[in-house]
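Following: one structure in structure tokens, then a few remarks.
The values are calculated or read from the model by the stated rules, or taken from the named source; none is laboratory data. Note that the coordinates shown come from a computational prediction; the quantities given were computed from them, not determined experimentally. Every residue, glycine as well, gets a Cβ built from its backbone with ideal geometry; the counts of neighbours run over all protein chains shown. Calculation scope for accessible area: heavy atoms of the full protein, side chains included, ligands and nucleic acids excluded. Shrake-Rupley method; radii C 1.70, N 1.55, O 1.52, S 1.80 Å.
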Amino acid sequence: MLRFFPPTSTPLLSSRLYTAGELIVGSLALLVLGIFLPTLMANTLNWGLAFGVYALISLLMMVFWSGGALGWANRITLLRAILVALAAGALANNVFTQAIWLWLVIATVALMLDGVDGWIARRTKSYSAFGARFDMELDALLILLLCIGLIQLESLGLWVLLIGLMRYFFVAASWHFTWLSEPLFASFRRKLVCVWQVSALLLALTPLTHPFLASLLAFSALISLAYSFGMDIRWLYNQSRHK
């Protein structure tokens, strides 16, 4: 009898289906949370953007994760992805401005869970390069969303987008300057700058913050991020010269 698929295709297909099942459960969780947050998911455009962001995240996970069950650390990160998708959806038509405190709570919880998934990964010895990258990309997306929100709410100018786009510029530059894609050393400075970026943007977005102070907070996030990227680029360049 002819085999149309290699013997390894069945286990691989099973793993993919298991992953897809977990992502479908995540989409149902997004639906339920959205229903209970009608001030954020006010219309079809909000729902469409939220599920569009979640679908893109799910597609990338299906491409880059083939380990079947996600594991508890990655499930917590997936919960972060659901919250980030909700935050993204609420940006449509400036709906988030009508429920700014709720929107900030969603973003803050997404930030706080950043430490929980790492702790679980260490406790369960399930740390993976995929999990670390998944976590990092969600951080970058959340920062970009906060920048967009700050522009819509405070009208600070498009320069605020540099905070959220800097990592993407770095990745794009690495396609040409391949030495930029080399692995970096673990850095407390890098983690501290990431936390400060999100914290500064969250503070700038609160209604209690004066627009001038909001601009100072955003500018401090931009300067600290530029410094951190500059340090990493300099280190990677020096490493490439010594090879």
(request) Just report the Cα centroid separation between region 149-163 and region 40-54, whole Å. (result) 21
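So what's region 119-170 giving for Rg/Rh, alpha carbon basis, Kirkwood Rh from the mean inverse pair distance?
Values: Rg = 14.9 Å, Rh = 12.5 Å.
Reported Rg/Rh, Kirkwood definition of Rh: 1.19.
Which helices of the chain meet both criteria: a Cα extent of 24 Å or more along the helical axis and a mean Kyte-Doolittle score no lower than 1.6, with helices taken as whole DSSP H segments?
Working: long enough: 9-35 (39 Å, 1.29); 44-64 (30 Å, 1.76); 71-89 (27 Å, 1.18); 100-123 (35 Å, 1.18); 129-154 (37 Å, 1.40); 188-205 (26 Å, 1.24); 211-241 (45 Å, 0.65).
The qualifying helices are 44-64.
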(message) Using Cα springs under 10 Å in a Gaussian network model of the chain, which residue among W101, W72, W175 shows the largest mean-square fluctuation?
(response) W175
(message) Quick check for me: using +1 on Lys/Arg Cβ and -1 on Asp/Glu Cβ, what's the dipole size of region 137-243 about its Cα centre, in debye to the nearest 20?
(response) 400
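Rounded to two decimals, what ratio of Rg to Rh does the chain give with C-alpha atoms and a Kirkwood Rh?
Numbers: Rg = 19.6 Å, Rh = 19.4 Å.
With Rh from the inverse mean 1/r over Cα pairs, Rg/Rh is 1.01.
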(request) For W72 paired with Q98, estimate the spin-label separation in nm (one decimal), with each label point 7 Å from Cα along the Cα-to-Cβ line. (result) 4.0
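When the helix-only estimate is applied to the chain (DSSP H runs of n ≥ 4, each -39,500 (n - 2.57), divided by the residue count), what is the mean residue ellipticity at 222 nm, nearest 500 deg cm²/dmol?
On the way: 8 runs with 180 residues, N = 243.
Result for the chain: -26000 deg cm²/dmol, rounded to the nearest 500.
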(request) About the Cα centre of region 66-225, how large is the charge dipole given +1 on each Lys and Arg Cβ and -1 on each Asp and Glu Cβ? Please answer in debye to the nearest 20. (result) 440
(request) Can you find, among A172, N46, L56, the residue farthest towards the positive end of the dipole of the chain? Put +1 on the C-beta of Lys and Arg, -1 on that of Asp and Glu. (result) A172
(message) Leaving ligands and nucleic acids out of the surface, order E22, E137 by accessible area at 1.4 Å, largest first.
(response) E137, E22
(request) Could you tally the net charge around L144, taking each other residue with its Cβ under 12 Å from the Cβ of L144, Lys/Arg +1 and Asp/Glu -1? (result) -1
(request) Just grab the label-to-label distance for Y237 and F177, each label 7 Å out from Cα along the Cβ direction, in nm (one decimal). (result) 0.6
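In percent, what relative contact order does region 180-243 have, based on Cα pairs under 8 Å that are 6 or more apart in sequence? All intermediate terms of the calculation are to be shown ahead of the outcome.
Values: 36 pairs, mean separation 25.6, N = 64.
Reported relative contact order: 40 percent.
Taking only the Cα atoms of region 159-241, how large is their convex hull per residue, in Å³? Don't skip to the answer; put the middle values down first.
Numbers: hull volume 6.8 nm³, N = 83.
Spelled out: Cα convex hull of region 159-241, divided by residues, is 82 Å³.
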